[in-house]
């Protein structure tokens, strides 16, 4: 099962490596991980996507909670939530393909961020599957570079995840 | 009061009530050592190797319940301490390790004696800190002690760059009375509803077993465990780490469980219908093959660490809390429902257990002309009237000490259970003796283990810590040899040493008394003589039967009911050793 775990962690040097180290030491798998400070500069928010059996994910959550720097965490997959990931793709775009790629970007509500005579950089934001679909729609030989942030998530409804 | 960083560290230790600090100086901690020199309250114990410092502090902590404190320099001083830190971590021992670091401006430049101590120790500490600001130093030390000693205890490293301890930079000092950490609140009480469920399950039990571990000792809950067990009349088994939490000479005690546990303890676990695990963590040496573990039992688990619950064995009732606190609540509930205990079923259960007991799984060849290691431990028990502090190293001798020294009190059995660190026994015995100068302290070891930290014999002389070293010398790494005998067709690959020092001379060279014993009839008198030498460390080099194995044994991949028992092979009559 895929799980998306949101973590509020003390914004201190080494906090990230405590989380990353925990996963490697205990053999858990990280699909993606992103981290940035929150509105409270003393706190960072980390979003971590992992896969594992119910038993493994239960252990992951307990072990994360055990880290002294972790203030709070939730498994977003347990409730309705929104996920967004940001991707930038550098694509070879010459001749006829320039229009094709532009219309494809429009379909995916992408934005063209950079244009040269032979390339585009396109930004696409959305759930990870949408990003996958966009990449799949482009001829593989035209893709020069793909960079993805990994998903971040937030729960639906009135309740906020903070201290 | 304005103090330098170095003075702040020392003053913080004083304010924390630290009696001993175990350490070794070096460049990055020179300021700290200068501050230590100028006071007498915190006594420094100079070891001969930093691993010794950590084990000595660890032994002190295990025997007293107070945190052990270590001071090492950067680089090699710090890395030498890592084995001892990992040892404490695996057994949840409260320790605070202060390590020097190169000056802040050169961190990351591969400076002389620089190592990323915070990075290296991250996986084997409860928490660690790098101090970047001298004004945060006192608070950080306080946090370190707070984290190390609360919840599930563990070692905490405080890495201090040299410039932070600069004697010329002074800042106001105030040691906080308490600290609050928003990210750290160890839960303590246990869920009322779950406690009720557990009591109901216990009252329904017909074949119950109380399986208790090191958490009962760490949580100072031996009295509660004893009262709880006696009230219910249930059999009690202890893990290696839990020995002494329940009196071993009590009739309800069925011995240690697990790989080298007793037949009766393991069979009872296997046949049980309700198991209550108290401050124990279902370690692989306890459970054997997980699929075969306690197939008929409902399991209750009390532990302070939520991550220990259902980590390897799925439990039916989980209670997260301090064992002492939870047991107290259970006692109150059970008192009101004593009549519900199935006494008749319990009688039958005890009858069954007594049958298993009658197998006498710990019996050994008493007529042997060679010294049997089990016999040595029995005699050690007799000579010390069962009241010594016994430290051990790791291997066969450790198991024999656990099996044949019947610990009636907590904190008397000091060994590296989780990490299994050879070299632990001697330095930890020094730590214990410092804490309890009037008590008998024995280090049960073997000729392989003792050599891993033998240099601490020198420390024992300097600080006048008269301990008795019981060296069960079988000229093999016995446990390795045993596994090779059972699983590798007796191909004894590198499990013996062709050259072994003359320990008597070695002991004498270090300023101690050395004795060599090679006849069974000499063992008792030698032990009596050694313990009568109250103010001397005595090294008893005891030449034992080198073919002896630890029984019973659950081999890898087997369940509790499938034990390898000793087969009577007759008596060794040949004194010429194989």
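Each reported figure results from applying straightforward, stated rules to the coordinates on display, with no laboratory input. Everything quoted here is computed from the prediction, not taken from an experiment. When we count neighbours, we look across all protein chains shown, and the Cβ atoms used for this are built from the backbone with ideal geometry, even at glycine.
Averaged over peptide B:526-536, the number of partner chain Cβ atoms lying within 10 Å of each residue's Cβ comes to 0.
If every alpha-carbon in chain B counts as one equal scatterer, what log10 I(q)/I(0) does Debye give at q = 0.09, 0.11 1/Å? Result of the Debye calculation: -0.71, -1.03.
Think of it as helices only: each DSSP H run of n ≥ 4 in chain B is worth -39500 (n - 2.57), and spread over all residues that comes to -10500 deg cm²/dmol at 222 nm.
Relative to the longest principal axis of the Cα atoms of chain A, the long axis of helix A:15-25 lies at roughly 90 degrees.
Between 0 and 90 degrees, the angle of helix A:97-107 with respect to the longest Cα principal axis of chain A falls at about 40 degrees.
Quote the FRET efficiency, to the nearest 0.05, computed for residue B:496 versus residue A:154 with a Förster distance R0 of 60 Å and r equal to the Cβ-Cβ distance.
Values: r = 63 Å, r/R0 = 1.06.
The value I calculate is 0.40.
The separation of segment A:75-112 from segment A:10-28, counted between C-alpha centres, amounts to 31 Å. Normalising by the residue count of chain B, find the relative contact order in percent from Cα pairs under 8 Å and 6+ residues apart. Once normalised by length, the contact order is 14 percent.
Can you tell me, using C-alpha contacts under 8 Å and at least 6 residues apart, the relative contact order of segment B:1-150 as a whole percent? Don't jump to the answer; show the numbers that get you there.
Values: 239 pairs, mean separation 35.7, N = 150.
Computed over segment B:1-150, the figure is 24 percent.
Label zone (residue B:436, point 7 Å along Cα-to-C-beta; backbone nitrogen cut-off 16 Å) within segment B:236-257: B:242-249.
Using only alpha carbons, segment A:58-113 has a radius of gyration to Kirkwood radius ratio (Rg to Rh) of 1.31. Residue by residue along A:69-75, Cβ atoms of other protein chains within 10 Å of the local Cβ number 2 on average.
Compute the semi-axes of the equivalent ellipsoid of the protein assembly as shown, taking the square root of 5 times each eigenvalue of the Cα gyration tensor, and list them largest first in whole Å.
Working: eigenvalues 500, 236, 136 Å².
Over the Cα atoms of the protein assembly as shown, the ellipsoid semi-axes are 50, 34, 26 Å.
Stokes-Einstein D for segment B:376-452 at 25 °C, 0.890 mPa s, Kirkwood Rh over Cα pairs, in µm²/s? Walk me through the numbers before you get to the answer.
On the way: Rh = 12.2 Å.
For these conditions, the coefficient is 201 µm²/s.
Normalised by the number of residues in segment A:1-74, the mean separation of alpha-carbon contacts (under 8 Å, six or more apart) gives a relative contact order of 46 percent. The length gained on full extension between residue A:78 and residue A:62, counted as 0.36 nm times the residue separation minus their Cα-Cα distance, comes to 4.2 nm.
Fewest to most neighbouring Cβ within 10 Å: what's the order for B:443, B:124? Could the numbers behind the result be given before it?
Values: B:443 32, B:124 21.
Listing B:443, B:124 from fewest to most nearby Cβ atoms yields B:124, B:443.
The distance linking segment B:182-243 with segment B:268-286 is 11 Å (Cα centroid to Cα centroid, whole angstrom).
Ranked by how many other Cβ atoms sit within 10 Å of their own Cβ, fewest first, the residues B:212, B:272 fall in the order B:272, B:212. Sort out for me the Cα centre separation of segment B:427-480 from segment B:30-51, rounded to whole Å. Using only Cα atoms, the two centres lie 23 Å from each other. For chain A, the longest principal axis of the C-alpha atoms and the axis of helix A:128-137 are separated by about 20°. Taking the average, over residues, of other Cβ atoms within 10 Å as the packing measure, peptides B:444-451, B:79-86, A:71-78 rank B:444-451, B:79-86, A:71-78 from highest down. For the protein assembly as shown, DSSP calls about 40 percent of its internal beta bridges antiparallel. Peptide packing: for B:125-131, B:538-544, B:248-254, the average count of neighbouring Cβ atoms within 10 Å per residue gives the ranking B:538-544, B:125-131, B:248-254, highest mean first.
Using a 10 Å cut-off on Cβ atoms, rank the peptides B:35-45, B:384-394 from the highest mean neighbour count down.
Details: B:35-45: 15.8, B:384-394: 22.9.
In decreasing order of mean packing, B:35-45, B:384-394 become B:384-394, B:35-45.
Each Cα pair of segment B:126-166 feeds into the Kirkwood radius, which the Stokes-Einstein equation turns, at 10 °C and 1.306 mPa s, into a diffusion coefficient of 151 µm²/s. Fewest-first ordering of B:142, B:558 by other beta carbons within 10 Å of each residue's beta carbon gives B:558, B:142.
So what is log10(I(q)/I(0)) for segment A:30-143 at q = 0.12, 0.19 1/Å, when the Debye sum runs over its Cα atoms only? Ignoring solvent entirely, the Cα scatterers give -0.61, -0.99.
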